[in-house]
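So the structure is just underneath, and the comments pick up after that.
No value in this document is a laboratory result; all are computed from the given coordinates. Every value quoted in this text rests on a predicted model; they were computed, and no experiment measured them. Glycine also receives a Cβ, built like all others from the backbone with ideal geometry; neighbour counts cover every protein chain displayed.
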Amino acid sequence: FNLQTLHKGRHMADSRMIGEEQLFYDIFSILDDVNKRNREIIYDISPTILEEFGLEIAINKILDRLKYAYSLRTRLESSGEFRRLKPKTELMLYRVVQELVTNAIKYSEGWMLVVSLKWEDAQLTVKISQFDRINNLHQGKNNHGLSSVQNRIKTINASIRMNSTYGE
């Protein structure tokens, strides 16, 4: 046996081992990312926090996620007496708020996002305000987000009013 060949072979085996370890690390890293994304998708499809704790806490969770994702100041304001709504109604309102705050971030230059819930006897009023300058959300060729909001609102026999004013 040639010692130099043995040493060279061992070195190749070591580098292959390091390469395999890196490959396993990369695979596990990718699987971990896929697993995290799957949890996010499942959460988005059926938010358990909404089912367990209701609309206010679920909306607050949306705002928390946006705060960290976009370095945005967020706030949830609530007045009146909180009460649970029908599950379908809560889910549709949750989706509407989710879509509208996403649109507000995509199409504006705001620095603060406020969601206000006003609980009254027979109704709940939801107001979303983006402070700074907000562009007209009706402009553009793609209004798919707003049409889905309007469709969701119709399914729960609610109404929606949108306006855009400078500074809010």
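May I ask you to list the trypsin sites (Lys or Arg not before Pro) in segment 53-113 that are in a DSSP loop and have at most 15 other Cβ atoms within 10 Å of their Cβ? Before the final figure, lay out each step's value.
Working: sites: LYS61, ARG65, LYS67, ARG73, ARG75, ARG83, ARG84, LYS88, ARG95, LYS106; in loops: ARG83, ARG84.
Here the trypsin sites (Lys or Arg not before Pro) that fit, given the DSSP loop and packing criteria, are ARG83, ARG84.
Return the subset of LYS106/LYS154; LYS127/LYS154; LYS67/LYS118; LYS67/LYS106; LYS67/LYS127 for which the Cα-Cα distance in this structure is over 20 Å, preserving the input order.
The pairs that break the limit, which is 20 Å between Cα atoms, are LYS106/LYS154; LYS67/LYS118.
Can you give me the distance in nm between label points at SER116 and PHE28, each placed 7 Å from the Cα along the Cα-to-Cβ direction?
5.1 nm
What are the radius of gyration and Dmax of segment 53-121, computed over its Cα atoms and given in Å?
Using the Cα atoms of segment 53-121, the pair Rg, Dmax is 12.3, 36 Å.
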